[in-house]
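The values are calculated or read from the model by the stated rules, or taken from the named source; none is laboratory data. What you are looking at is a predicted structure, and each value in this text was computed from that prediction instead of being measured. Please note: Cβ atoms are built from the backbone with ideal geometry, for glycine as well, and neighbour counts cover all protein chains shown. For accessibility, only protein heavy atoms count, side chains too; no ligands or nucleic acids. Shrake-Rupley method; radii C 1.70, N 1.55, O 1.52, S 1.80 Å.
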Amino acid sequence: MLSYTALFLLQAVSQGHKFGFDIMDATELPSGTVYPALRRLEAGGLVASAWEEDASSRKAGRPRRRYYQLTRTGREQLVEAETRYRAVSKLFEKRSRA
């Protein structure tokens, strides 16, 4: 089962946010949360990462970026988690109306 943090990170990556600072901006989570969680997701096979070429970062005048992408397992887990959280959300909506 994915934590909320893992869910937020997988959603951000699936929406096209590919590197750490961009993911932090999208999720509004701090680096101390994002980077360890990305490492755990990668160790669990839910995301894969690769460093950009040195020439690209030098040309842009910035440090190299590590780009993340969802794996097939990551996409499957994201769909499953989104479905589960929607179901739980509906249960809470019903309770609040009662």
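Numerical summary
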quantity: Contacts under 6 angstrom Cβ, first residue in the range 15-39 being touching a residue at least 40 places away in the same chain (Cβ under 8 Å), partner open to solvent by less than 40 Å² (accessible area, probe 1.4 Å), 6 or more apart; calculated: Lys18/Tyr68; Ile23/Ala12; Ile23/Val34
quantity: Given (1) exposed (fewer than 11 other Cβ atoms within 10 Å of the Cβ); (2) in contact with a helix residue (DSSP H, G or I) (Cβ under 7 Å, 6 or more places away or on another chain), number of the condition Ala12 does not satisfy; calculated: (1)
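Residue by residue, here is whether (1) within 17 Å of Leu2 (Cα to Cα); (2) among the hydrophobic types (A, V, I, L, M, F, W, C) holds:
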site: His17; (1), (2): no, no
site: Thr33; (1), (2): yes, no
site: Gly44; (1), (2): yes, no
site: Ser49; (1), (2): no, no
site: Ala60; (1), (2): no, yes
site: Tyr68; (1), (2): no, no
site: Val79; (1), (2): yes, yes
